[in-house]
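S.K.: After the structure tokens below, expect a handful of questions from me.
The values are calculated or read from the model by the stated rules, or taken from the named source; none is laboratory data. The structure displayed is predicted, hence computed values, not measured ones. Positions of Cβ are backbone-derived with ideal geometry, glycine not excepted, and every protein chain shown enters the neighbour counts.
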Amino acid sequence: MKKYDIAAFIWPSYTGDEPRSRIFWPDGIGEWQTVDSMTDRGYPGCSWPRRPVWGYVNEADSAVMEKQIECAVSHGVNVFIYDWYWYDNRPFLENCLNDGFLKAANCKDMQFYLMWANHNATYLWDKRNSGDLSTVVWNGVVTPEIFDNICDRTIEKYFKQDNYYCIDGCPVYMIFEVHNFIRNFGTTQACRAAIERFREKVKAAGFPDLHLQFVHWHKQSYDWLPDNDENKGASGIEIYDYLGVDSVTAYNWGCAVRLDGDYAGLTNEYLDHIKEFTQESSTPYYPNLTVGWDTNVRFQEYMPGVVTGNTPDKIREACLKLKEITDDALENGKLRVPLITVNSWNEWTETSYLQPDDLYGYGYLEAIRDVFC
């Protein structure tokens with residue numbers, strides 16, 4: 001059987017080791033504080049409370065991550081994609097990667113890569129104040145000089161790790177928010193020049209090139225670009241071509257469809273989205289598996305948008321369909337590797353995770369294993 005790269009996103013908030021995180025989660029256990037506070041609130045589709053089989057563990061602890069790595073690999077998840085943050089000219093929530101994963105004795109049993117989660121930080125992470133999503137705690141935009149520093153640090157600290165995930169020998173680096181990424185530099189012309197500088201740095205470090213991957217947000221408009229930008233009003237596909245993006249994927253299906261309602265129906269909607277994109281664009285699109293969606297864990301008032309029917313059996317069916325579309329794309333030369341991203345390993349507060357819980361046990365992981373192993 002073909003070996004698939006099943007790459008699950010990691011939200012590195014389940015630790016109290018990051019001092020700055022206390023402004024959101026003062027109890028000192030990271031966002032487990034929010035998970036623990038969630039009860040059955042009676043709204044349609046509510047499947048809470050849900051609790052982790054492993055308990056409220058510190059994922060910046062290497063011993064904890066050794067067990068999680070062993071579990072992930074044994075169920076076919078062989079890559080972790082770490083959400084990576086940079087606010088106020090310093091990293092944020094790096095502990096889970098640096099102290100947990102990279103110091104685990106078995107970390108070389110799987111690979112990892114980074115997604116720069118370059119969105120603004122708001123009170124979304126603070127359940128006490130989550131009714132206010134307009135206040136920006138930290139801005140996700142950086143200066144060109146800071147971006148150059150980020151590139152240098154990323155290459156030295158992460159790309160040079162033996163188990164950093166590469167495609168054709170090129171380290172994969174994902175960008176979450178395309179608009180904010182362009183805003184770092186002012187125009188798409190300056191953005192493209194910055195990407196070229198990044199590529200030259202990567203080559204100077206001994207790699208063939210950089211594999212730049214964007215999160216694709218469906219039907220985004222670029223009318224906001226300044227008048228002196230030659231790509232003002234361009235489509236997302238045109239922006240990818242201009243910037244030289246190597247591939248795209250989704251962070252979750254919400255990048256393409258409205259995450260609300262029956263899971264099986266949403267699966268088909270998302271697959272239709274992939275087919276539409278690949279017909280319009282030559283940029284490789286690596287499919288995504290989204291386990292579920294319900295963000296009410298983070299809010300005191302009801303937040304619309306709840307996915308229902310996402311049982312392990314339905315996840316297994318979605319995996320089979322994603323496997324088929326991936327195999328077809330590989331056969332047709334539209335993809336270089338059998339990579340499927342997954343939302344996620346541990347997004348408990350978005351109710352989209354593979355980790356075992358007291359509702360389905362290891363059911364989600366077993367669905368991955370049954371299809372891809």
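S.K.: How about region 55-83: which of its residues are in a helix (DSSP H, G or I), touching a Gly at 6+ places or on another chain (Cβ under 8 Å) and touching a residue at least 40 places away in the same chain (Cβ under 8 Å)?
M.R.: We begin by selecting, within region 55-83, every residue in a helix (DSSP H, G or I); these are 62-74.
Now narrow it down to the ones that are touching a Gly at 6+ places or on another chain (Cβ under 8 Å): 62, 64-65.
Ser62, Met65, listed by residue number.
S.K.: Follow-up question, since we're still on this one. Hey, any hits in region 239-247 for a residue that's in contact (Cβ under 8 Å) with a residue 24 or more places away in the chain and farther than 25 Å from Thr187 by Cβ? Steps first, please.
M.R.: First, pick out the residues of region 239-247 that are in contact (Cβ under 8 Å) with a residue 24 or more places away in the chain: 239-247.
Subsequent filtering for residues that are farther than 25 Å from Thr187 by Cβ retains none.
No, region 239-247 contains no residue that is in contact (Cβ under 8 Å) with a residue 24 or more places away in the chain and farther than 25 Å from Thr187 by Cβ.
S.K.: Right, something else. Considering only region 107-186, give the strands (runs of 3 or more DSSP E) lying wholly within it that have at least 2 residues that are farther than 17 Å from Arg197 by Cα. Don't jump to the end; show me each part of the working.
M.R.: Working: elements: 111-116, 136-138, 170-175.
Per the criteria, 111-116, 136-138.
S.K.: Give the residues of region 236-284 that are of a type in the set (Ser, Thr, Tyr) and either modelled with pLDDT under 95 or closer than 20 Å to Ser344 by Cα (or both), sorted by residue number.
M.R.: Let us first name the residues in region 236-284 that are of a type in the set (Ser, Thr, Tyr), namely 240, 242, 247, 249, 251, 263, 267, 270, 278, 281-283.
Result: Ser247, Thr249, Tyr251, Tyr263, Thr267, Tyr270.
S.K.: Of everything in region 99-145, what is surrounded by fewer than 16 Cβ atoms within 10 Å (Cβ to Cβ) and more than 30 Å from Met303 (Cα to Cα)? Give them in sequence order.
M.R.: Lys103, Ala105, Asn106, Lys108, Asp109, Thr143, Pro144, Glu145
S.K.: Only one of Phe176, Phe185, Phe159 is within 17 Å of Phe92 (Cα to Cα), of a type in the set (Phe, Trp, Tyr) and crowded, with 19+ Cβ neighbours inside 10 Å. Can you tell me which? Before you say what the answer is, go through the steps one by one.
M.R.: Working: Phe185 fails: within 17 Å of Phe92 (Cα to Cα); Phe159 fails: within 17 Å of Phe92 (Cα to Cα).
From the options Phe176, Phe185, Phe159, the qualifying one is Phe176.
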